[in-house]
1. Looking only at segment 143-173, which residues are of a type in the set (Ser, Thr, Tyr) and within 19 Å of MET186 (Cβ to Cβ)?
2. Let me spell it out: the conditions are (1) closer than 30 Å to ILE260 by Cα; (2) modelled with pLDDT of 95 or more; (3) of a type in the set (S, T, N, Q), and ASN176 meets all of them except one. Which number is the exception?
3. In segment 151-177, how many are out of contact with any Asp or Glu (no Cβ under 8 Å at 6 or more places or on another chain) and either farther than 23 Å from GLU99 by Cα or not polar (S, T, N, Q) (or both)?
4. If a residue has to be part of a loop (DSSP other than H, G, I, E, B) and either in contact (Cβ under 8 Å) with a residue 24 or more places away in the chain or surrounded by 24 or more Cβ atoms within 10 Å (Cβ to Cβ) (or both) to count, how many in segment 103-119 make the cut?
5. When you look at SER122, is it in a loop (DSSP other than H, G, I, E, B) and in contact (Cβ under 8 Å) with a residue 12 or more places away in the chain, yes or no?
6. Does ALA119 meet the test of being in contact with a Cys (Cβ under 8 Å, 6 or more places away or on another chain) and not hydroxyl-bearing (Ser, Thr, Tyr)?
7. If you check ASP188, ASP227, which single one turns out to be within 30 Å of ALA322 (Cα to Cα) and either more than 24 Å from the chain's Cα centre (by Cα) or among the β-branched types (Val, Ile, Thr) (or both)?
8. Check every one of the strands (runs of 3 or more DSSP E) wholly within segment 1-55 and list those with 2 or more residues that are among the hydrophobic types (A, V, I, L, M, F, W, C) and farther than 14 Å from GLY311 by Cβ.
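The values are calculated or read from the model by the stated rules, or taken from the named source; none is laboratory data. Worth saying up front: this structure is predicted, and the values here are computed from it rather than measured. Glycine also receives a Cβ, built like all others from the backbone with ideal geometry; neighbour counts cover every protein chain displayed.
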Amino acid sequence: MAKVHVTVLMGGPSAEYSVSMASGRMVFYALTSLDEFEVDALIIHENGEWEKTRSLPDDVMHPAALVHAAPPRSSTLAGLHLLEDADVVFLALHGTFGEDGTIQAVLDSLHIPYTGSGALASALAMNKHRAKELFQFYGLPTGHEFYIVPSQAESIARLIPQIETRLGYPLVVKPNEGGSSVGIHMADNQEQLQRALEQEWSSNIPLLVEKKLLGRELTCAVLEDEDGSTVPLPVIEIVPHTGQFFDFTAKYADGGSDEICPAAIDQKNTRRIQDLAVRAHQILGCRGFSRSDFILTAGGPVLLELNTIPGMTPNSLLPKAAKAFGLDFAQLMKRLVKLALGNSVE
């Protein structure tokens, strides 16, 4: 019987290009090791060109400048032809174009199965402001925020007093759409807030200013089962060694943080966080898997955001939680492919 042909799609035009390449390599090698799939890699290079290959480069992990544009039309149209023989696409793309529903909608139109959530759920999760509105509507605990669209907003000088009145300090300034902690700033006073807004203002992308929550940083992934049920994985606590928070270096550098799995928290908070992660997954209409991030405050867990394509690097959180659950990396990858194909892989 012919092997299932899996194409691992990686790279892309976002600030998370190198993270995607690292995830893609791990996925590619894991699926290849199973000897039951025909696997190739499809790289969307930083210049927008698509390349199909089975020889992957070793890239250095680094955050790129924030990019918010799809690859050139001609490159994308030419690249889509490289998907003709794919039975299923494993999406290892992070950020713009790969995680925001764009590539999902393209694959839907081509009737090509793919791992992870569909176009609508992906777009909602990527838009932190819209996702939080839905979470709040359904009663999930989220932090207070101030949403800014620079092209429609007043001047920074006029916004700062409004932010201070509504939120106070300390604050977190972040892009509304994006991941891997790229473009995040901490502000403990007016001078730092002004500097953070000025640094991101020229990019003309929507921003979130959030009240910084004090507490333990936790994350919880969920994984769908073959019967359609959603199972929470063990909660992980993140203790960064560098910086003020779980920034790019803490996420991806060896020894950048301690990631304690399962987290050393009581059963009540464990169950609460797992329940919130499942509910967030269901509220946004996610599919296959997701990972939600929390701060455990003195008043209980607060949901920060949900990720529809968590990292698959050696230091990534979803694989660590899956391993604690009893699934090694290759088994996890196989399970995600099976889910994407509707359980047609034996």
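1. TYR147, TYR169
2. (2)
3. Residues in segment 151-177 being out of contact with any Asp or Glu (no Cβ under 8 Å at 6 or more places or on another chain) and either farther than 23 Å from GLU99 by Cα or not polar (S, T, N, Q) (or both): 16 in total.
4. Going through segment 103-119 one residue at a time, the tally reaches 7.
5. No: the conditions fail for SER122.
6. no
7. Only one candidate qualifies: ASP227.
8. Correct list: 4-11, 37-44.
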